[in-house]
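Trainee: Once you've had a glance at the structure underneath, I'll fire off some questions.
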Amino acid sequence: MTKLLITLGLVSLLGFTVITLDKPNVPDAPTKYPSGELGKMVKLGEDIIMHTNTHPLTKDLVGDDLTCNSCHFDGGKTKNMGTFIGTAAAFPAYSPREKTVQTLQDRINNCFMRSMNGKRPIIDTKASVAMAAYITWLSEGVPIKMNPKKPVNNFYSKQWINKKTVPLIKKATHKNYLNGKKLYAEKCADCHGINGMGDEDNPPVWGDNSYNCGAGLAHPHKMATWLKANMPLDDETLTLQEAVDIAIYVDAQPHPSFNLQDHLLPKEKMGYYNSIVLKEKHTVRSNFAKPFKLDIDKIRGDKLIK
Ligand code: HEC
Ligand code: HEC
């Protein structure tokens with residue numbers, strides 16, 4: 001009997017661990033907006049996050065056809081990877097990339113420079129405060145848990161360091177690229193287009209109007225992790241190997257190169273930039289080379305890429 005109980009305990013403990021790793025227990029998004037001016041600010045933030053590239057306060061800061069909602073679904077109210085529920089509870093957080101402790105506004109700005117291929121908004125302007133207010137509202141009730149390792153949502157901090165993904169990327173060859181191409185045509189092209197350009201309802205996944213090479217998703221291990229959790233939309237059924245092969249294919253297509261300096265406003269306008277690192281460059285080629293030691297020409301089977 002004792003043996004049985006211990007076995008059952010272990011099984012449920014193991015089961016529990018697996019479940020929490022795959023699907024963290026993210027609470028529902030709040031539905032009641034704060035009253036008064038704060039509520040107005042939260043709603044403004046939501047509007048910007050849903051319409052970032054067309055909203056009057058942010059459209060000039062965006063350099064592609066994406067909105068925050070393109071990756072942080074339902075304006076971050078999704079419970080999947082990319083949720084903003086609980087995000088504010090991780091900030092301020094240390095960022096190895098900037099080598100400083102980043103505020104929520106800083107972290108939002110980084111997605112502007114990279115995923116949105118745009119410019120860093122000025123901290124404390126209306127747009128910057130509004131987005132931070134909205135994300136903070138979505139985090140109400142989630143206990144603060146400062147993240148000393150990464151400026152990401154604590155519910156998904158572990159998933160981003162997916163120990164199984166990196167070795168699969170390192171092993172990738174032209175065969176994985178070809179399989180990714182085939183899977184993309186089968187499972188993704190209906191929405192994002194065979195040429196990756198998307199349409200009115202579906203965002204572009206490569207080309208001049210998509211995220212640049214400094215974005216999280218431009219790195220194939222992060223893309224694979226994110227795809228496994230989020231795509232195909234409403235049918236997240238990819239195996240890890242399929243997600244890896246598709247990530248290799250999508251990230252090996254042209255994306256705007258990233259040079260950090262091009263994404264900062266002129267010094268007199270920008271205000272204080274909370275980063276020790278002032279030089280950073282990425283291309284498709286460098287994202288495959290570092291840290292994966294993959295040669296993009298061999299992966300693609302041609303020499304078309306910067
Ligand atoms: C192309 C996809 C993409 C777009 C568009 C995008 N993000 Fe992100 N964002 C990510 C990824 C991927 C991460 C986490 C991984 C990482 O740190 O590299 C992230 C992380 C964040 C975080 C850190 C907390 C967390 O959720 O883990 C915040 C805050 C954030 N994004 C805000 C925004 C805002 C605001 C916008 C719009 C201005 C935006 N993002 C647009 C992909 C995107
Ligand atoms: C049913 C349509 C549909 C399918 C199928 C689909 N997507 Fe998406 N995808 C979307 C939509 C829509 C969004 C943006 C979220 C939103 O607007 O709600 C998105 C967002 C994305 C993003 C982040 C934003 C960007 O444009 O970079 C990537 C990357 C992506 N999808 C890749 C894929 C891949 C790879 C597949 C195949 C495994 C796939 N999608 C299948 C509809 C789809």
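Trainee: With a Förster radius of 45 Å, plug the Cβ-Cβ distance of Asn195 and Ile122 into 1/(1 + (r/R0)^6) and report the FRET value to the nearest 0.05.
Mentor: Using R0 = 45 Å, I get an efficiency of 0.80.
Trainee: Another question, then. Working with all protein chains in place, sort Phe155, Phe84 by solvent-accessible area computed with a 1.4 Å probe, largest first.
Mentor: Phe155, Phe84
Trainee: Expressed in nm to one decimal, what extension gain is obtained for the pair Lys23 and Lys267 from 0.36 nm per residue of sequence separation less their Cα-Cα distance?
Mentor: 83.6 nm
Trainee: Tell me, what is the per residue accessible area of segment 36-152 in Å², probe radius 1.4 Å?
Mentor: Spelled out: the 1.4 Å probe surface of segment 36-152, per residue, equals 41 Å².
Trainee: Separate question: Show that you can apply the helix-only estimate: for the chain, add -39,500 (n - 2.57) for every DSSP H stretch of four or more residues, divide by all residues, and state [θ] at 222 nm to the nearest 500.
Mentor: Per the formula, -12000 deg cm²/dmol.
Trainee: Considering only Ala185, Ala218, Ala89, give the residue with the highest GNM mean-square fluctuation for the chain, with springs between Cα atoms whenever their separation is below 10 Å.
Mentor: In this elastic network of the chain, the residue with the biggest mean-square fluctuation among Ala185, Ala218, Ala89 is Ala185.
Trainee: With labels modelled as points extended 7 Å from the Cα through the Cβ direction, what inter-label distance (nm, one decimal) is found for Glu186 paired with Lys281?
Mentor: 4.0
Trainee: Let me ask something else. Please label the shape of segment 176-299 as rounded, prolate or oblate, based on the square roots a ≥ b ≥ c of the eigenvalues of the alpha-carbon gyration tensor (a/c under 1.5 means rounded; beyond that, a/b larger than b/c means prolate, else oblate).
Mentor: Cα axes put segment 176-299 in the prolate bin.
Trainee: With every protein chain left in place, what is the accessible area of Leu138 in Å² (1.4 Å probe, nearest 10)?
Mentor: 0
Trainee: Continuing with the same structure: Once you place label points 7 Å from the Cα toward the Cβ at Leu178 and Glu236, how far apart are they in nm?
Mentor: That separation, rounded to one decimal, is 3.2 nm.
Trainee: Could you give the DSSP H helices of the chain that reach 18 angstrom or more along their long axis (alpha carbon positions) and whose average Kyte-Doolittle hydropathy is no lower than 0.0?
Mentor: 2-22, 36-50
Trainee: With all protein chains present, how much of the accessible area of segment 36-152 (probe radius 1.4 Å) comes from carbon and sulfur, to the nearest whole percent?
Mentor: Summing carbon and sulfur atoms, their accessible area is 60 percent of the total for segment 36-152.
Trainee: Measuring from label point to label point, each 7 Å out along Cα→Cβ, what is the Thr31 to Asp302 span in nm?
Mentor: 5.1
Trainee: Sticking with this one: Between Met146 and Asn274, take the C-beta separation as r, use R0 = 22 Å, and let me know the FRET efficiency to the nearest 0.05.
Mentor: In this case the efficiency is close to 0.85.
Trainee: Suppose a student asked you for the relative contact order of the chain, using Cα pairs under 8 Å spaced at least 6 residues apart; what percent would you report?
Mentor: 18
The values are calculated or read from the model by the stated rules, or taken from the named source; none is laboratory data. Remember, it's a predicted structure, so these values are computed and weren't measured experimentally. Quick reminder, even Gly has a Cβ in these numbers, built from the backbone with ideal geometry, and neighbours come from all protein chains shown. Just the protein is used for accessible areas: all its heavy atoms, side chains included, with ligands, DNA and RNA removed. Shrake-Rupley method; radii C 1.70, N 1.55, O 1.52, S 1.80 Å.
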